[in-house]
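Engineer: Here it is, the structure in full.
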Amino acid sequence: MEEKDLKDAAGKIESYAVELTRELIRIPTCNPPGKDYDKCAAFLAGELSKLNVETELVSVPAEELQELAPQGEGLPRPSVLGRLRGMEGGHVLHLTGHYDVVPAGDGWSTDPFDPIIKNGRIHGRGAVDMKSGIASILAAIKLLRDQSVKLKGDITISLVPDEETGGQAGAGYIVGKGLVRADYAILTEPASPDVVKLAHKGALWLEVTTIGKAAHGAFPFLGVNAFDKMVNVYKGLKELNEKLKKRITAFPADLEYEEGKRASMNIGGIVRGGAKVNVVPDRCTITIDRRLNPEEDLEEAFEEINAVLQRLKRDDPELKLEVKTLLKAASAAVSREEHICRSVADTIQKVLRRKPKYWMTPGFMDMRYFIYDAGIPTVSYGPAGLPHVANESVAISDITDCTKVISAVAMDLLGGNA
């Protein structure tokens, strides 16, 4: 397909991609807890079937839900799998995205689940993260089919839940079951039509509790104040955090957020403690959100924190601690020289006439499951925008541009011709 033909074809399916994005936003797949997952998965399976994509739904067994989706109130966790078969069974390109969104929250000027179009942008919860990315996948499939492009290899698809809470019941589950095998993969998380995201940070979430002894507030000397103990814990962790900030990754970051290249630790995202004003608190709990650069190791990160806590215990025999791991998400990265990276970058240059950029995202994504657990070289590529904010919105032109690039990459990697 010539470049002009590609642009003309993408323009013709723009309305399809826009309406699909809006229909997905109208299904409020908020996580937690994960309501309307069944409805969204059934809708996506139906849309893929209309494109003659072989489709199946795979759900986490009920007996595994508590372990893999403890936030989910026992609600089902279905993933949508698809395959568009090529002519010769050659290479396989996997396209993936998550359909869950964070809760809407406050501050919206419109109904977050009744999407509107204003100034060339679609507004609604999930517009950026990442229902427009899913729409780009389906629109790219439609573009290829409408133009009768013959691919030598297959395109496989996974549309999954629960990325916003770690992905264990989504991408983690289907990859763990061996349901995804491919030579390359693109995750359509938000980035920008001229950005290839080739790495993401890891995360270690911990809950630390200091244990004291309750007493009447008029006789605090009879108790052990758990909050006092936590103050010292905080100071020790703060010192560690200052050291972490000196660790700078070699991977390029969003130029707007150069600080994102540093290792970091957010202390006290959640703080709980005490029962009453006039009672000495016998427990105080804080959370730790440790973000790891791709060069760092999860176990080593835990040991660094644990070493601080053990030193504090040696210095204060009265200090009693409980430490609970809430989440472990490894960082992930691929080289610029990987074929999938070069293909996406070259296509951006050729189709969009823009110089491609390479970024690492400071958040963590489902990329890690595909790169490390499935062994598939994977990049993230999708429309631009700010996720998780009130009045979330995405540019329609971004959806169209990403559709062009994804379809052209499929032809490049799988040997397509019209």
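No value in this document is a laboratory result; all are computed from the given coordinates. Values in this document were obtained by computation on a predicted structure and should not be read as measured data. Glycine gets a Cβ as well: all are built from the backbone with ideal geometry, and neighbour counts include every protein chain shown.
Engineer: Provide the per-residue ³J(HN,Hα) series for the stretch 110-119, in order, calculated from phi with Karplus coefficients 6.51, -1.76, 1.60 and θ = phi - 60°, each as a whole number of Hz, with x at glycine and proline positions.
Structural biologist: Result, ordered by residue: 9, 5, x, 10, 10, x, 10, 10, 8, 6 Hz.
Engineer: Now, a different point. When the Karplus curve 6.51 cos²θ - 1.76 cosθ + 1.60 is applied with θ = phi - 60°, which whole-Hz ³J(HN,Hα) does each residue of the stretch 338-349 get, with x for Gly and Pro?
Structural biologist: For the stretch 338-349, the Karplus curve yields 4, 4, 5, 5, 5, 5, 5, 4, 5, 5, 4, 4 Hz.
Engineer: Moving on to the next point. For the chain, give me the percentage of DSSP beta bridges that are antiparallel, rounded to the nearest 5 percent.
Structural biologist: If I count the DSSP bridges inside the chain, around 70 percent turn out antiparallel.
Engineer: How much length is gained if the chain between LEU327 and ILE117 is pulled fully straight, taking 0.36 nm per residue apart and subtracting their Cα-Cα distance, in nm to one decimal?
Structural biologist: So the extension gain works out to 71.9 nm.
Engineer: Given N residues in the stretch 356-418, what is Rg(Cα) / (2.2 N^0.38 Å)?
Structural biologist: Ratio of Cα Rg to 2.2 N^0.38 Å: 1.37.
Engineer: Which three lengths, in whole Å and largest first, does the stretch 203-329 cover when its Cα atoms are put on their principal axes?
Structural biologist: 56, 29, 22
Engineer: Using label points projected 7 Å from each Cα along Cα→Cβ, tell me how many nm separate ASN306 and GLU14, to one decimal.
Structural biologist: Result: 5.6 nm between the two label points.
Engineer: Here's a follow-up. Let's test the formula: R0 of 56 Å, r as the Cβ-Cβ distance of ASP373 and ASN278. What FRET efficiency results, to the nearest 0.05?
Structural biologist: 0.60
Engineer: Just the Cα atoms of the chain, one point each, no solvent: what log10 I(q)/I(0) does Debye give at q = 0.09, 0.12, 0.14 Å⁻¹?
Structural biologist: For the chain, the Cα-only Debye profile gives -0.59, -0.96, -1.23.
Engineer: Separation of the stretch 35-105 and the stretch 133-174 by C-alpha centroid, Å?
Structural biologist: Cα centroid of the stretch 35-105 versus Cα centroid of the stretch 133-174: 9 Å apart.
Engineer: Here's something else I'd like to know. Once you have the Cα-Cα distance between LYS50 and GLU73, take 0.36 nm times their residue separation minus that, and quote the gain in nm to one decimal.
Structural biologist: 5.0 nm
Engineer: What is the extension gain from LYS152 to HIS216, computed as 0.36 nm multiplied by their sequence separation minus the C-alpha to C-alpha distance, in nm to one decimal?
Structural biologist: Contour length minus the Cα-Cα distance gives 15.4 nm.
Engineer: So what J values fall out for the stretch 271-282 if you push phi through Karplus, 6.51 cos²θ - 1.76 cosθ + 1.60 with θ = phi - 60°, rounded to Hz, Gly and Pro as x?
Structural biologist: So the Karplus estimates, Gly and Pro as x, are 10, 9, x, x, 10, 6, 4, 9, 10, 5, x, 9 Hz.
Engineer: List, in the order given, every pair from LYS276/LYS328; LYS238/LYS276; LYS201/LYS238 whose Cα-Cα distance in the structure shown is over 24 Å.
Structural biologist: Cα-Cα > 24 Å for LYS276/LYS328; LYS238/LYS276; rest within.
Engineer: Continuing with this model, one more query. Given 4 °C and 1.567 mPa s, compute D for the stretch 281-418 with the Stokes-Einstein relation, Rh being the Kirkwood radius over Cα pairs; round to the nearest whole µm²/s.
Structural biologist: 68 µm²/s
Engineer: Highest mean first, how do 96-105, 267-276, 397-406, 144-153 rank when packing is the count of other Cβ atoms within 10 Å averaged over residues?
Structural biologist: In descending order of packing, they fall as 397-406, 96-105, 144-153, 267-276.
Engineer: Let's test this: bin the Cα-Cα distances of the stretch 11-141 at 10 Å from zero up to the farthest pair and state each bin's percent.
Structural biologist: All Cα pairs considered, the percentages come to 12, 39, 33, 14, 2, 0.
Engineer: Shifting gears a bit: Select from the stretch 25-110 those trypsin sites (Lys or Arg not before Pro) which occupy a DSSP coil region and have at most 11 other Cβ atoms within 10 Å, ordered by residue number.
Structural biologist: Listed in order of number, the matching sites amount to none.
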